[in-house]
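Only one structure is covered here, and it is reproduced in the block below.
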Amino acid sequence: MRFETRAIHSGQDPDSATGAVIVPVYQTSTYRQDAIGKHKGYEYSRTGNPTRKALEDALASLEGGKHGLAFASGLAATTAVFSILKKGDHVIAGDDIYGGTYRLLEKVFRRWGLEVTYADADDGDAFQGAVQENTKLIWIETPTNPLLKIVDVKKLSEITKKENIILAVDNTFATPYFQRPLELGADIVVHSTTKYLSGHSDIIGGAAITSRQDIYIDLKFYQNAAGAVPGPWDSWLALRGIKTLSVRMREHEGNALYLAGYLSGHPRVERVYYPGLPGHSRHKLAKEQMSGFGGMISFELKGGFPEVEKFVSRLKIFLLAESLGGVESLVCYPPKMTHSSFSAEERAKRGIKDNLIRLSVGIEHKDDLKDDLEQALG
Ligand SMILES: *Cc1c(COP(=O)(O)O)cnc(C)c1O
């Protein structure tokens with residue numbers, strides 16, 4: 001079956017008890033057992049819940065993986081992945097990553113003895129150069145947050161396979177509709193389902209998907225042992241969002257392409273970061289490894305923070321908010337919002353300038369969005 005069909009049907013068979021077409025919200029903490037040690041596959045909802053299971057199976061199917069695991073947030077999924085490592089292990093992370101992932105590595109996992117190095121996400125050789133004897137995992141995002149860099153997953157997976165390193169890819173920005181890292185050689189895909197997968201800015205959730213049995217066993221053990229699982233309602237909402245993922249992503253992308261082109265030609269805009277623009281430094285790679293460019297745009301406004309503040313305050317449709325991937329358009333100022341856990345020095349090193357603005361382009365009418373940007377820039 002093709003992607004659009006799997007998004008609606010995978011893991012989502014009609015309910016065996018009633019025939020309900022939609023997977024029910026199994027709002028229960030526990031399950032009656034027929035006899036001691038004899039049950040229907042569910043014992044306790046931290047360990048397993050049918051609504052969550054439907055979501056996990058759907059996610060695995062969309063990513064082309066064997067196993068899906070749902071978590072209470074994207075960072076809970078990320079925590080699970082790092083938790084399969086042990087003290088003294090070394091992680092290489094791309095330098096342009098979600099601020100919360102950076103904070104987790106720096107403020108939590110370093111204290112538990114994980115070693116971390118950052119590699120320039122724009123330079124494939126930088127990852128090879130950072131490999132140590134104790135390197136156990138490489139963590140990347142592509143496209144990256146917030147500079148929309150593109151990492152060559154296939155090339156990186158050749159390194160990780162050779163060196164017996166786990167390759168984990170945060171696929172939140174692209175979604176499986178546009179990019180499937182497992183098919184490109186990654187071992188684990190991680191999502192903040194809070195974003196495009198649920199798509200309506202109404203839940204916090206996360207997921208990890210893998211085809212490797214050894215990794216699945218470790219992650220599954222950790223999921224139950226640590227317990228950061230989503231409840232049935234949130235699982236149900238994520239599942240409901242996933243059904244329309246392909247339709248939404250096509251609209252997000254169409255609008256983003258249109259606005260990126262518009263911004264590129266605007267005299268008040270210094271630079272636009274969008275992998276769909278022919279001028280993007282990795283446009284060709286993006287075209288090869290992704291089937292679309294997504295709905296995220298970053299750009300630098302001429303001037304500095306005062307100009308950014310004025311621009312943002314004038315916007316009427318784009319809402320000033322953290323997060324992304326919902327049907328409504330959002331604007332974010334990474335230095336003070338999503339990436340405030342980086343020091344000014346760390347931001348400068350990574351090329352996150354004080355005039356950087358990030359847009360999550362929604363699926364409103366593209367000309368209403370353009371008009372909003374125009375009046376705010378004017
Ligand atoms: C939001 C986000 C996360 C964290 O997810 P939460 O659901 O907020 O915990 C991780 N990675 C990326 C790329 C994100 O955008």
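Some values worked out for this structure:
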{"read-out": "Karplus 3J(HN,Hα) series, Hz, for segment 327-333 with 6.51 cos²θ - 1.76 cosθ + 1.60 (x for Gly, Pro)", "value": "5, 8, 7, 10, 10, 9, 10"}
{"read-out": "Solvent-accessible area of D95 with every protein chain in place, 1.4 Å probe, in Å² to the nearest 10", "value": "20 Å²"}
{"read-out": "The chain: most fluctuating residue of T30, T135, T117 per GNM, C-alpha cutoff 10 Å", "value": "T30"}
{"read-out": "Principal-axis tilt of helix 366-377 within the chain, Cα atoms, nearest 10 degrees", "value": "50 degrees"}
{"read-out": "Solvent-accessible surface ranking, highest first, for Y274, Y98 at 1.4 angstrom", "value": "Y98, Y274"}
{"read-out": "Helix-derived mean residue ellipticity, 222 nm - over the chain, DSSP H n ≥ 4, -39500 (n - 2.57), to 500", "value": "-11000 deg cm²/dmol"}
{"read-out": "0 to 90° range, to nearest 10: angle between helix 213-226 axis and the chain longest Cα axis", "value": "90 degrees"}
{"read-out": "Accessible area per residue in Å² at 1.4 Å probe, computed on the chain", "value": "42 Å²"}
{"read-out": "Listed residue pairs exceeding 18 Å between alpha carbons, taken from K161/K287; K136/K287; K87/K136", "value": "K161/K287; K136/K287"}
{"read-out": "Isotropically averaged projected area of the chain, using the convex hull of Cα atoms (one quarter of hull area), nm²", "value": "19.0 nm²"}
{"read-out": "Over the chain, relative contact order from alpha-carbon pairs under 8 Å, at least 6 apart, %", "value": "18 percent"}
{"read-out": "Cα-based helix-to-principal-axis angle, 153-163 vs the chain, degrees rounded to 10", "value": "60 degrees"}
{"read-out": "Convex hull of Cα atoms in segment 245-377, direction-averaged projection (nm²)", "value": "7.9 nm²"}
{"read-out": "Segment 50-58 - phi-based ³J(HN,Hα) in whole Hz, Karplus 6.51/-1.76/1.60, Gly and Pro as x", "value": "x, 5, 5, 4, 4, 4, 5, 5, 5"}
{"read-out": "Over segment 1-141, relative contact order from alpha-carbon pairs under 8 Å, at least 6 apart, %", "value": "19 percent"}
{"read-out": "Largest to smallest accessible area among H266, H200 [probe 1.4 Å]", "value": "H200, H266"}
{"read-out": "Within the chain, percent of DSSP bridges classed antiparallel, to nearest 5", "value": "55 percent"}
{"read-out": "Contact order normalised by residue count of segment 245-377, Cα under 8 Å, 6+ apart, percent", "value": "29 percent"}
{"read-out": "Surface share of carbon and sulfur [accessible, 1.4 angstrom probe, percent] for segment 31-177", "value": "50 percent"}
{"read-out": "Label-point separation in nm, E307 to E4, each point 7 Å along Cα→Cβ", "value": "4.2 nm"}
{"read-out": "D13, D152, reordered so the largest accessible area comes first (probe 1.4 Å)", "value": "D13, D152"}
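The values are calculated or read from the model by the stated rules, or taken from the named source; none is laboratory data. This is a predicted model, so every value here is computed, not measured. Positions of Cβ are backbone-derived with ideal geometry, glycine not excepted, and every protein chain shown enters the neighbour counts. Just the protein is used for accessible areas: all its heavy atoms, side chains included, with ligands, DNA and RNA removed. Shrake-Rupley method; radii C 1.70, N 1.55, O 1.52, S 1.80 Å.
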